Amino acid sequence: MKVLHITNNFPTKQYPVFGIFVKEQIDSLSNLGVSNEVYFINGREFGLKAYWSSIKKLRKKLKSSDYNILHCHHSFSALILFLTFRFFKFKKIVSYQNPPEKEGGFFLLKLVNFFFNVIIVKNMSETNNTKVKYLPNGVNTDFFKSQDVKKSLRELKLDANKKYILFMDSYKRRTQKRVDRFDEVINILQKNGNPYNIEPLVLTNTDRSLIPSYMSVSSLHLLTSDFEGSPNSVKECLACNTPIVSCPVGNVDDLIGDVAGCYVSESFEPEELARLVLKCLEKESFNGRDKLLSKKLDINSVALNLEAIYKSMI
């Protein structure tokens, strides 16, 4: 089976964690024997020019190719494929990374629905037609696992007497992540003497090798986004046994709604999130890793599911 992955999300030297979940998913498919090739549209560093120049290059690549499947990661990658006008003979699949209305809108979704064989979404509520499959990204549970807390605190030069509240953004301060809402929650928590000795821990484009350590020393991960698909940071924290408090976005309720010690707010109000953070801090033990594995959200299980989808297409 030969698959061409067309993506505008992929790690680069400047942004080594940008689109890392796409790379890891492709690597996990390679481990199953799938033959993969990547066509990367580097819009992150080169803007619209990268998208326009990729149309001609991709058209040439597809002219005499023998790919069994074209897999577009992100709807904008699908749009570029449309503009080549060379996609008709191929089986096609697209993976949305955000809710469709936030990723190109409903008109593009209609085009995708008409021309593509399979549409992957990250939120189960969006599976309203036979082409749509619910398949969140998997987590590399060999990499994301609990680290020795005392050792990690020393290595990261953090204070063992503080309770760190984790905020994460992969490569820049994206507006949708709402660090301003996170800051407001922290401000509420630090008032009245700050009895829990709470300290924010904000990570942006952090060395990936350090992420499991940062998660392990955090008392909890606070997700304050306006919208999400299936937030990778939530699944990674579960793998590291770090509890989560989250706004009601994406598929977080499916991920942590039944996980003791994790909480999904009913609103986006900082006051409610602050109350849930305090409730979370009262818990003395937490085991999210077993829940993650029981939901088959490890990267190998997801790769097997994706391979099965590919096989059903051809």
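The values are calculated or read from the model by the stated rules, or taken from the named source; none is laboratory data. Source: prediction; values computed, not measured. When we count neighbours, we look across all protein chains shown, and the Cβ atoms used for this are built from the backbone with ideal geometry, even at glycine.
Tell me, which strands (runs of 3 or more DSSP E) lie completely within the range 98-194 with 2 or more residues that are more than 22 Å from residue 87 (Cβ to Cβ)?
163-169
Of the residues 302, 277, which single one is more than 19 Å from the chain's Cα centre (by Cα) and either closer than 18 Å to residue 145 by Cα or in a helix (DSSP H, G or I) (or both)?
Step by step, each of 302, 277 is checked, and only 277 is more than 19 Å from the chain's Cα centre (by Cα) and either closer than 18 Å to residue 145 by Cα or in a helix (DSSP H, G or I) (or both).
Does residue 308 meet the test of being out of contact with any Cys (no Cβ under 9 Å at 6 or more places or on another chain), small (Gly, Ala, Ser) and buried (at least 16 other Cβ atoms within 10 Å of the Cβ)?
no
Out of everything in the range 128-147 that is over 11 Å from residue 240 (Cα atoms) and more than 19 Å from the chain's Cα centre (by Cα), what residue ends up being surrounded by the most Cβ atoms within 10 Å (Cβ to Cβ)?
131
In the range 75-128, what residues are farther than 16 Å from residue 7 by Cα and of a type in the set (Lys, Arg)?
Across the range 75-128, the qualifying residues are 86, 89, 91, 102, 110, 122.
Given (1) more than 19 Å from the chain's Cα centre (by Cα); (2) assigned to a loop (DSSP other than H, G, I, E, B), where does residue 206 come up short, assuming only one miss?
(1)
What number of residues in the range 258-296 are of a type outside the set (A, V, I, L, M) and either within 16 Å of residue 224 (Cα to Cα) or in contact (Cβ under 8 Å) with a residue 60 or more places away in the chain (or both)?
The total comes to 13.
Take residue 245 and tell me if it is more than 15 Å from the chain's Cα centre (by Cα) and in a strand (DSSP E or B).
yes
Looking for something modelled with pLDDT of 95 or more, part of a helix (DSSP H, G or I), among the polar types (S, T, N, Q) and surrounded by 15 or more Cβ atoms within 10 Å (Cβ to Cβ) - is there at least one such residue anywhere in the range 39-56?
Among the residues of the range 39-56, at least one is modelled with pLDDT of 95 or more, part of a helix (DSSP H, G or I), among the polar types (S, T, N, Q) and surrounded by 15 or more Cβ atoms within 10 Å (Cβ to Cβ), which makes the answer yes.
What residue, among those in the range 204-257 that are over 19 Å from residue 137 (Cα atoms) and of a type in the set (Asp, Glu), is modelled with the lowest pLDDT?
207
Return a yes/no flag: does the range 220-227 have any residue that is surrounded by 19 or more Cβ atoms within 10 Å (Cβ to Cβ) and aromatic (Phe, Trp, Tyr).
no
Name the residue, out of 233, 285, that is touching a strand residue (DSSP E or B) at 6+ places or on another chain (Cβ under 6 Å) and either in the same structural domain as residue 11 (by TED's automatic domain parsing) or small (Gly, Ala, Ser) (or both).
That would be 233, the only listed residue that is touching a strand residue (DSSP E or B) at 6+ places or on another chain (Cβ under 6 Å) and either in the same structural domain as residue 11 (by TED's automatic domain parsing) or small (Gly, Ala, Ser) (or both).
Going through the range 33-49 one residue at a time, which ones are touching a residue at least 24 places away in the same chain (Cβ under 8 Å), closer than 20 Å to residue 15 by Cα and of a type outside the set (Lys, Arg)?
Result: 38, 39, 40, 41, 42, 43, 45.
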